[in-house]
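The values are calculated or read from the model by the stated rules, or taken from the named source; none is laboratory data. Model, not experiment: these values are computed from the prediction. Note that each Cβ is placed from the backbone with ideal geometry, even for glycine, and that neighbours are counted across all protein chains shown. Please note that ligands, DNA and RNA were not included when accessible areas were found on the heavy atoms of the full protein model with its side chains. Shrake-Rupley method; radii C 1.70, N 1.55, O 1.52, S 1.80 Å.
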Amino acid sequence: MTLSLRQLRYFVGAAETGQVSRAAVELNVSQSAVTGAIKQLELRLGTRLFDRHPNGVTLTFEGSRFLQHARNIIASVDEALRVPSVSTTKAQGPIRIGVTYTVAGYFMPQHQARFSRSYPAATIELREAPREAIEEELMDGRLDIAVLLTSNLENRMALDHETLIRSRRRLWLPIDHPMAGMPEIRLEHVAQEPYVMLTVDEAQQTAERYWEKTPFRPRTIFRTSSVEAVRSMVANGTGITILSDMVYRPWSLEGQRIETRNVYDLVPSMDLGLAWKRDAELSPAARAFHDFMCLTFNGGGPGLTH
């Protein structure tokens, strides 16, 4: 039995949405098609990729490892099939790219490497900074383009943006936590447990916004800018948290397992993408980066006005 690109796309869709039914809707196929593709993948790989729950699916350890490979395969195929809008000979020179902390640590490195292989004459100059500083530098011309959390973008009048991925936020908890067996988890239940609050990249402000729409509040015992600190505290049972799939890893640095569960209440996704100054005349290299990223994630994305 051979692997197919269709199976990989259906698997990634289920992993990113956390529900086979929702993945089927977004992929415009039947739920049985997604279920069948995942079963075929599991049979071919000889391992279980998902844990099934009443309110969705979560990746197993093997599934988490395979997810990154699947994404890379899909991106590589899309890259091989693309017709570049900018010639590799014209796309040369520096590209000043702003990135936020989460982007720098959990997203950018592999895509920077792939772009550099495709456009060797273009040179990426990365600058890590808070979102507010990046927005200012885009508007005054010190940055050409940015990769950041578009869900946090403020100056939408002066900046254009394109969302590349929507990373679902889920509950993180230790493997033996009583909530792991609950058929339906709500913020009301989360509020009864000690909570570890991540603060980096405006994570706390985002959390406060969706908590404020409910009569409940998290029982925060610790605030930290370190994702690894959150991971370790959740894994050892100190507290629980709600964070995005993009920063999720199934193991802490100490080798303890972390589980995820869907939250029934409306918790917004963490949207990541590109931003640039509205009506900016981007250099050929910067346009190539924009088109490369949009094609990788969106099959092309909206074109820039050249």
Output for segment 11-50, where each listed residue is farther than 23 Å from Asn72 by Cβ and either touching a residue at least 40 places away in the same chain (Cβ under 8 Å) or in contact with a Cys (Cβ under 6 Å, 6 or more places away or on another chain) (or both): Gln19
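Would you say Tyr195 is aromatic (Phe, Trp, Tyr) and in a strand (DSSP E or B)?
Numbers: aromatic (Phe, Trp, Tyr): yes; in a strand (DSSP E or B): yes.
So Tyr195 fits the description; yes.
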Could you grab me the full set of residues in segment 165-205 that are within 19 Å of Ser244 (Cα to Cα), of a type in the set (A, V, I, L, M) and at pLDDT below 90? Ile165, Ile175, Ala180
When the residues of segment 164-189 are filtered to those that are in contact with a Phe, Trp or Tyr (Cβ under 8 Å, 6 or more places away or on another chain) and part of a helix (DSSP H, G or I), which remaining residue is most open to solvent (accessible area, probe 1.4 Å)? Glu188
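Residues being within 19 Å of the chain's Cα centre (by Cα) and either open to solvent by 70 Å² or more (accessible area, probe 1.4 Å) or aliphatic (A, V, I, L, M) (or both): count how many of those fall in segment 96-128.
Here is the first cut: in segment 96-128, the residues within 19 Å of the chain's Cα centre (by Cα) are 97-115, 128.
From what is left, the residues that are either open to solvent by 70 Å² or more (accessible area, probe 1.4 Å) or aliphatic (A, V, I, L, M) (or both) are 97, 99, 101, 103-104, 108-109, 113, 128.
Matching residues across segment 96-128 total 9.
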From the set of residues in segment 1-54 that are within 13 Å of Ala70 (Cα to Cα) and of a type in the set (Lys, Arg), which is surrounded by the most Cβ atoms within 10 Å (Cβ to Cβ)? Arg9
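Restricted to segment 231-254, and to residues that are among the charged types (D, E, K, R) and open to solvent by 10 Å² or more (accessible area, probe 1.4 Å), which residue is farthest from Leu164 (Cα to Cα)? Before you say what the answer is, go through the steps one by one.
Residues of segment 231-254 that are among the charged types (D, E, K, R), as a first pass: 231, 245, 249, 254.
If we keep only those that are open to solvent by 10 Å² or more (accessible area, probe 1.4 Å) as well, we get 245, 249, 254.
Numbers: Asp245: 14, Arg249: 21, Glu254: 32 Å.
Selected residue: Glu254.
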May I ask you to verify whether Val86 is over 30 Å from Glu228 (Cβ atoms), exposed (fewer than 15 other Cβ atoms within 10 Å of the Cβ), over 19 Å from the mean Cα position of the chain (by Cα) and modelled with pLDDT under 90? no
Across segment 132-163, what is the total count of residues that are out of contact with any Leu (no Cβ under 8 Å at 6 or more places or on another chain), crowded, with 17+ Cβ neighbours inside 10 Å and part of a loop (DSSP other than H, G, I, E, B)? 1
